[in-house]
């Protein structure tokens with residue numbers, strides 16, 4: 001029976017070539033636009049979703065209210081590093097790091113100098129407790145315990161020490177800005193999934209005492225807020241972000257300095273969820289890619305995609321319904337031969353399914369062409385490889401089924417009720 005439905009559906013499609021072509025092309029255009037939008041939305045919403053207990057990880061940030069306006073800063077004051085460990089209850093783990101910008105790094109083994117290396121942070125061992133890396137060499141428990149220690153990612157290790165086995169990189173020396181040396185104490189794999197935490201070099205925080213940034217990191221001035229000073233916390237399972245925010249508000253009130261009162265400024269510590277980091281336009285992310293996503297725009301694009309799909313489905317319904325009169329003879333013969341209403345509906349659903357399937361295949365081709373044509377307008381990571389992921393295949397299957405039901409059921413019911421004798 002199913003084979004018969006498909007055979008008759010294909011004959012009807014082939015008989016009405018122009019009608020079928022209009023249906024297929026219009027639906028394929030709508031589907032391809034929706035697929036491109038879907039790739040864009042999926043790409044941005046997939047950042048930092050792979051971290052273990054990511055829903056409990058937050059960045060501590062700072063809000064300012066002044067007579068001149070309100071300002072937001074992604075950094076914290078130096079004493080907050082200690083306060084997060086000793087004064088905040090309900091915090092399972094905290095990790096502080098400082099974005100360190102240097103002019104050069106030199107690998108002692110090959111005397112090669114690297115100018116303006118990026119993605120370097122001064123941090124503590126707890127950073128690797130919050131953000132889980134796969135360790136190639138060394139141990140997160142000991143790698144950053146001593147001053148002048150550095151953990152490298154695989155890519156950074158291979159860049160600094162080319163043609164050297166990773167096992168031999170352990171114990172090698174690096175010199176920063178010609179004065180500060182560090183020994184490689186660990187190597188970790190780079191994150192293989194999309195993230196905004198794309199750091200490649202982790203230097204023990206104690207090493208910062210030898211730098212010009214020592215006061216900015218270890219000082220006790222609650223009035224000094226630096227965007228380079230970053231603090232992440234992982235709240236306990238039984239705790240809530242609101243409870244932590246209440247404690248942060250208490251800390252803010254307890255450490256108001258004279259200058260803030262003099263100039264009528266107000267400072268409040270706040271929390272930013274890890275899932276919001278990629279969409280941040282106020283506190284600032286880490287800016288290595290130069291690309292910022294906008295959650296509001298992406299949600300609007302989802303509605304645009306749904307509108308295009310709805311438009312294609314309505315167009316299909318109108319064309320199929322308008323064709324009812326031309327199929328009067330077929331419907332009359334089928335009813336005379338004993339076809340039930342249910343069988344006629346299934347027949348028209350089968351035709352819709354074939355048209356939708358052909359349109360979906362065409363839309364994949366259109367999607368590839370669109371990604372190539374608009375490559376310069378999209379984020380660097382939106383590539384054709386995203387179309388090979390299981391979610392994309394699932395999206396195509398779901399859309400084919402949904403559109404078949406939405407676009408084929410109503411015309412099928414209308415046509416099956418058609419009475420040729422009248």
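Results, tabulated for the structure shown:
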item	result
Overall form of segment 83-124 per C-alpha gyration tensor (a/c, 1.5; a/b vs b/c)	prolate
Label-point separation in nm, residue 15 to residue 132, each point 7 Å along Cα→Cβ	6.0 nm
Selected from 403, 130, 121 as most flexible by GNM, with the chain as the system and alpha-carbon contacts under 10 Å	403
Prolate/oblate/rounded label for segment 27-77 (Cα gyration tensor, a/c 1.5)	oblate
For the chain, built as a Gaussian network whose Cα springs stay under 10 Å, the top-fluctuating residue of 384, 144, 152	384
Backbone N under 12 Å from the residue 236 label point (7 Å along Cα→Cβ), restricted to segment 73-101	88-93
Exposure proxy ranking, count of Cβ atoms within 10 Å, fewest first, for 194, 59, 417	417, 194, 59
Potential lengthening between residue 413 and residue 49 on full extension [0.36 nm per residue; Cα-Cα distance subtracted]	126.6 nm
Which of 135, 222 has the fewest Cβ neighbours within 10 Å, and the rest in rising order	135, 222
Contact order normalised by residue count of the chain, Cα under 8 Å, 6+ apart, percent	26 percent
Hypothetical label at residue 292: residues of segment 46-76 whose amide nitrogen lies under 17 Å (7 Å Cα-Cβ projection)	61-64, 70-75
Three-way shape label, segment 162-257, alpha-carbon gyration tensor, a/c 1.5	oblate
Residue exposure sequence - 207, 66 - by fewest surrounding Cβ within 10 Å	66, 207
Nearest 10 degrees, 0 to 90: helix 2-15 Cα axis against the chain principal axis	80 degrees
Top of 409, 374, 316 by mean-square fluctuation, Gaussian network on the chain, Cα under 10 Å	374
Nearest-ten-degree value, helix 341-373 long axis tilted from longest Cα axis of the chain	40 degrees
Förster-model FRET efficiency, 22 Å R0, residue 276 and residue 65, C-beta, rounded to 0.05	0.60
Angle between the chain longest axis and helix 241-254 axis [Cα atoms, degrees, rounded to 10]	30 degrees
Along each principal axis, Cα extent of the chain, largest first, Å	95, 57, 38
Cβ-derived FRET efficiency at R0 35 Å, residue 209 paired with residue 167, nearest 0.05	0.70
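Here, each number is a calculation from the coordinates, and none is a lab measurement. This structure is a prediction, so every number in the text was calculated from the model and none was measured. A quick note on method: Cβ atoms are made from the backbone with ideal geometry, for glycine too, and the neighbour counts reach across all protein chains shown.
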